[in-house]
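The values are calculated or read from the model by the stated rules, or taken from the named source; none is laboratory data. Being a predicted model, the structure only gives us computed values, none of them experimental. FYI the Cβ positions are ideal-geometry reconstructions off the backbone, even for glycines, and counts take in every protein chain you see. We work out accessible area using only protein heavy atoms, side chains counted, and drop any ligands, DNA or RNA first. Shrake-Rupley method; radii C 1.70, N 1.55, O 1.52, S 1.80 Å.
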Amino acid sequence: MDVISVNERTAVRADTRAPAPAWTVDAVEALYALPFNDLMHRAQTVHREHFDANAVQLSTLLSIKTGGCPEDCGYCPQAARYHTGVENESLLSVDEVVAAARAAKEQGATRFCMGAAWRGPKQRDLERVADMVKAVRGLGMETCATLGMLKPGQAGQLKAAGLDYYNHNIDTAAEFYGEIVSTRTQDQRLDTLDQVREAGLHVCCGGIVGMGETRRTRAALIAQLANMDPYPESVPINNLVQVEGTPLDGAQALDPFEFVRTIACARITMPKAVVRLSAGRQEMPEGIQALCFLAGANSIFYGEKLLTTGNPEAEKDAALFKRLGLHAMEPHAG
Ligand code: SAM
Ligand code: DTB
Ligand code: SF4
């Protein structure tokens, strides 16, 4: 039985002539409410229509500028105002970044993601990042950057340097955003995402769960992502990594099955997107990770560090892939 009726998915809002969203929050919430086995079956069925079900994309992250960020994101260990023990580091050199990218490639990563703890890049810094992108592209890897909010023209400069993806998360549903971040609005995030899309970059955009939000808020996050036109090519789903000193340390941890359900809802509502099982994997038993792959996750961060927090060691992931019969996805970004 299909719990999502055609009417729910295509209902025209009475108060506006705007096109109906592809997914209502109610419809996503109905997915969440399915019996777990039914949800897994549905997600796996959708997954197999679009992907090799046993292929997983491997990205390695590098923090190219660490700590000292002026923003107040309640989850983030890199915000200057929280005392988390993260040591501030200025922007790395191109050589340092290339050395890290080469090592990641040797370990089997196909995409290299460069992250900076900025509200947004200054023009001079952006030029150095553009040089990093050119050099990493020169190694034959896909490139991704996450540098905060962009000013007009900056997305185009990154594209010209050979950037494939720009990561910029909406992080949580619009109605909950103000509870988590006060130094910017979600609309400002959306504005950067528009610029990224217009510059012809692939969009990597997702969020974080486990921040004390309700299931309704999680459903609204997924619906918001799925209703983007077009929806992002890459959708990272992060499970909050609780860091001492951040306001969200001590938040009620999410039931692991609820995390798996979130992955499944992302897979069903964004069938062609690569859904990334992102932060929080180190704290996750391998059985739950296996359920995430079954639910349609087909990308991970690979290598022992995320930006400032830990991630499973490459050898551990290689062993897990072997036990599950998974293999690395071939790069395909143009
Ligand atoms: N400063 C830029 C920005 O905010 O877009 C780029 C780097 S920022 C660290 C990238 C993303 O990391 C955030 O949007 C958030 O989704 C994720 N993140 C940060 N801290 C996290 C945590 N403790 N647990 C899970 N995800 C986290
Ligand atoms: C994303 O969605 N998750 C990654 C990446 N994009 C940049 C970052 C996770 C950061 C986790 C906390 C840390 O290591 O500092
Ligand atoms: Fe700064 Fe990004 Fe961390 Fe927010 S998530 S505090 S913008 S580094």
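Does Val94 satisfy the condition of being touching a residue at least 40 places away in the same chain (Cβ under 8 Å), away from ligand 1 (no atom under 11 Å from the Cβ) and among the aliphatic types (A, V, I, L, M)? Spelling it out, Val94 is indeed touching a residue at least 40 places away in the same chain (Cβ under 8 Å), away from ligand 1 (no atom under 11 Å from the Cβ) and among the aliphatic types (A, V, I, L, M).
Those strands (runs of 3 or more DSSP E) of the range 165-242 in which 3 or more residues are in contact (Cβ under 8 Å) with a residue 12 or more places away in the chain and open to solvent by less than 10 Å² (accessible area, probe 1.4 Å) occupy 234-239. Only one entry of Leu326, Leu277, Leu291 meets the criterion of being over 12 Å from Asn238 (Cβ atoms), hydrophobic (A, V, I, L, M, F, W, C), more than 16 Å from ligand 3 (Cβ to nearest atom) and touching a strand residue (DSSP E or B) at 6+ places or on another chain (Cβ under 6 Å), and that entry is Leu326.
Take the conditions (1) away from ligand 2 (no atom under 13 Å from the Cβ); (2) in contact with a strand residue (DSSP E or B) (Cβ under 8 Å, 6 or more places away or on another chain); Pro19 misses just one of them, which is (2). If you go through the range 55-89 and pick out every residue that is farther than 26 Å from Gly210 by Cβ and away from ligand 1 (no atom under 15 Å from the Cβ), you end up with 1.
Surrounded by fewer than 21 Cβ atoms within 10 Å (Cβ to Cβ), away from ligand 2 (no atom under 15 Å from the Cβ) and more than 30 Å from Gln242 (Cα to Cα): is that true of Leu91 in this structure? No, not satisfied. Condition first: modelled with pLDDT of 95 or more and surrounded by fewer than 16 Cβ atoms within 10 Å (Cβ to Cβ). Can you find one or more residues in the range 54-62 that meet it? Taking every residue of the range 54-62 in turn, at least one turns out to be modelled with pLDDT of 95 or more and surrounded by fewer than 16 Cβ atoms within 10 Å (Cβ to Cβ). You will find that of Ala109, Ala99, the residue that is open to solvent by 10 Å² or more (accessible area, probe 1.4 Å), among the aliphatic types (A, V, I, L, M) and closer than 27 Å to Glu313 by Cβ is Ala99 and no other.
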